[in-house]
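Participant: Can you keep this structure in mind? I'll have questions shortly.
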Amino acid sequence: MHTLNHPTGGKSDRFNDPGRALFYDKHQYGLTALAVISGAAGLMLAYTTGPVPFLVLLVMSLLGLTYNLSILPGFLLAGRYRRLRDVPGSKTFLIALAWGTVTTLFPFLSVTGTLQIGTVLVFLWATGLVFVRTAFFDTLDMQGDRIVGKETIPVLLGEKPTLRLLKQVLLLVLAGMLLSTLLGLVGSVGYVLTVCPLFLAGVLRAYEKDLMIPGVRLEFLLETHFLVAGAAALLWSSLV
């Protein structure tokens, strides 16, 4: 879905990351074909697991496909909010919700067809982490987003208020996981997974102190917390 939306919504990349924009331009047709095949395969697999997972993924796919499309007629709302992407900050929230759904709710629904409180808590944990990751990337892309008129959270709030907000979200994520584990709502692996918000907080702090500048190294560390979560859960499951 990221790939399909990029050709129509990635104008700011020409200012934020010209190399990435050039890559998408050069391989646009191949990337689009792979994205369509992947989406279709995902829906087919979801269909084999049951109606609920299929409907969840179908709704998510339709929302993703219409993100950059004009839905409402121009005479409504003075044409300002005709697309989902026109809603200020919508990209950050929608990406976080999508990742949280795919990584937590969808696997559980595909097995049981129902939800439990523990699953919802893990969904909030994952969504919170992805929200911080996405909003921080938006912070790094503020200049290009301003040029093309994107109303991301950092553009609306400013860099420092956004970083304060992200640290508050990480604190809530950390406290929520600890409390959920102590109350027995999630397994003991919750103690290990607290390393993820701590890891992200360390990256944010290093950026604020100018110990790390925008670039491949910083982006690599931002994405690494997903691998840290998987490795920590795998290691804990093998030991307990």
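The values are calculated or read from the model by the stated rules, or taken from the named source; none is laboratory data. Because the structure is predicted, anything quoted here is derived from the model rather than measured. Every residue, glycine among them, receives a Cβ derived from its backbone with ideal geometry; neighbour counts consider all protein chains shown. For the accessible areas, the whole protein counts, side chains as well, though only heavy atoms, and no ligand, DNA or RNA atoms are used. Shrake-Rupley method; radii C 1.70, N 1.55, O 1.52, S 1.80 Å.
Participant: So how do Leu204, Leu156, Leu22 rank on accessible area, 1.4 Å probe, biggest first, that is with the largest at the start?
Facilitator: Listed by decreasing accessible area, they come as Leu22, Leu156, Leu204.
Participant: Thr114 to Tyr29: extension gain in nm, 0.36 nm per residue of separation minus the Cα-Cα distance?
Facilitator: Gain on stretching Thr114 to Tyr29: 26.7 nm.
Participant: In whole Hz, what ³J(HN,Hα) sequence does segment 193-203 give by Karplus (6.51, -1.76, 1.60; θ = phi - 60°), x for Gly and Pro?
Facilitator: 6, 5, 5, 5, x, 5, 4, 5, 4, x, 5
Participant: Taking a probe of 1.4 angstrom, what is the accessible area of Phe93 in Å², to the nearest 10?
Facilitator: Counting only protein heavy atoms, the figure is 110 Å².
Participant: Could you tell me which of Ala201, Gly144, Trp99 has its Cα farthest along the dipole of the chain towards the positive end, charges placed at Cβ (Lys, Arg +1; Asp, Glu -1), taken about the Cα centre?
Facilitator: Working it through, the farthest residue towards the positive pole turns out to be Gly144.
Participant: So, one more: Rolling a 1.4 angstrom probe over the protein chains, ignoring ligands and nucleic acids, what is the accessible area of Val203 in square angstrom, nearest 10?
Facilitator: Here the accessible area works out near 10 Å².
Participant: Shifting gears a bit: Which of Leu57, Tyr24, Leu109 sits farthest toward the positive end of the charge dipole of the chain, with +1 on the Cβ of Lys and Arg and -1 on the Cβ of Asp and Glu?
Facilitator: Sorting the options by dipole projection puts first Tyr24.
Participant: Expressed as a whole percentage, what fraction of the accessible surface of the chain belongs to carbon and sulfur atoms when a 1.4 Å probe is rolled over the protein heavy atoms?
Facilitator: 70 percent
Participant: Let me ask you something else. Test of understanding: what is the full-extension gain from Met212 to Thr224, defined as 0.36 nm times their sequence separation minus their Cα-Cα distance?
Facilitator: Here the answer is 2.8 nm.
Participant: Okay, helix-only estimate at 222 nm for the chain: each DSSP H run of n ≥ 4 adds -39500 (n - 2.57), divide by all residues, round to 500 deg cm²/dmol; what do you get?
Facilitator: -23500 deg cm²/dmol, from helical runs alone.
Participant: Keeping all protein chains in place, calculate the accessible area per residue for segment 140-240 (probe 1.4 angstrom), answer in Å².
Facilitator: Each residue of segment 140-240 exposes 58 Å² on average to a 1.4 Å probe.
Participant: Also: Under a plain spin-label model, where a point goes 7 Å from the Cα along Cα-to-Cβ, how far apart in nm are Leu182 and Val240?
Facilitator: 1.7 nm
Participant: Using a 1.4 angstrom probe on the protein heavy atoms only, line up Ser188, Ser180 by accessible area, largest first.
Facilitator: Sorted descending by solvent-accessible area, the residues read Ser188, Ser180.
Participant: Could you size up the charge dipole of the chain around its Cα centre, putting +1 on the beta carbon of Lys and Arg and -1 on that of Asp and Glu, and report it in debye to the nearest 20?
Facilitator: 320 debye
Participant: Additional query: So I have (1) 19.4, 54; (2) 19.0, 61; (3) 22.9, 71, and one of them is Rg and Dmax of the Cα atoms in Å calculated from this model. Which one is it?
Facilitator: So the calculated entry is the one marked (2).
Participant: Let me ask something else about it. Give the ranking of Asp145, Asp17 by solvent-accessible surface, highest area first, calculated with a 1.4 Å probe.
Facilitator: Correct descending sequence by accessible area is Asp17, Asp145.
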